[in-house]
Each structure stands twice: as C-alpha cells, then as structure tokens.
Amino acid sequence: MGLRQQVLTLLAELGKPMAVRELIRRLDLPKEERLELKPVLRQLMTEGEILRLRGGRSGLASHMNLVVGR
C-alpha cells in the first residue's frame, strides 16, 4: 500500500483531523518516507481529498461538516 493510501485509510479510520507529526507517529514512517509525506498531503489537498484546518491539521473532506460561505 502506498503512502497516499495509508494516509487516506488512517484519516478515514480515525475520523478526525490530525497534525503532520501525529500522522508520522501513527503511520510509524521511517525517515526516508517522512520526507515524502508533505508532498503527498499537498497533492491530496490539491485534489480536494483532504482539507487543511486551523492548527496545521489535515482531515478528510468527506468527514468535515463544513458549509460554504459561512
């Protein structure tokens, strides 16, 4: 399973936004893969799969109860 799928699966299982440090810890990423995490998160944000929230946390867009324009 690729890093992208691991991130999506973890966020779906927990159902709450997580900081990058928490993602690294929960995924138990080796140092080499830690460098790949931020570009993967940026790509997921660009595609609309995840959203960046206050405090630098990221969460699945489908799990956020957001209203446009409020």
| said: Give me the percent relative contact order of the chain, please, defined on Cα pairs under 8 angstrom at least 6 residues apart. | reply: 38
| Where does the charge balance sit around Thr46 when Lys and Arg score +1, Asp and Glu -1, over other residues with C-beta under 15 Å from its C-beta? | +2
| task | Within region 4-19, which residues have the backbone N less than 16 Å from the label spot 7 Å out from Lys31 along Cα→beta-carbon, could you tell me? | result | none
| Size of electric dipole in the chain: Cβ of Lys, Arg +1 and of Asp, Glu -1, about Cα centre, debye, nearest 20 | 380
| remark: Residue-normalised 222 nm signal for the chain, counting each DSSP H run of n ≥ 4 as -39,500 (n - 2.57), nearest 500 deg cm²/dmol, is -16000 deg cm²/dmol
| task | Please give the net charge around Leu35, taking every other residue with its beta carbon less than 15 angstrom from that of Leu35, where Lys and Arg add +1 and Asp and Glu add -1. | result | +3
| Hey, of (1) 1.07; (2) 2.71; (3) 1.19, which did the structure itself give for Cα Rg over 2.2 N^0.38 Å when calculated? | (1)
| task | Would you work out which of Ala61, Gln5, Pro30 lies farthest towards the positive end of the dipole of the chain? Charges go on Cβ: Lys and Arg +1, Asp and Glu -1. | result | Ala61
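Each reported figure results from applying straightforward, stated rules to the coordinates on display, with no laboratory input. All values derive from a computational prediction rather than experimental measurement. Heads up, the Cβs are rebuilt from the backbone with ideal geometry, glycines too, and the neighbour counts pull from every protein chain shown.
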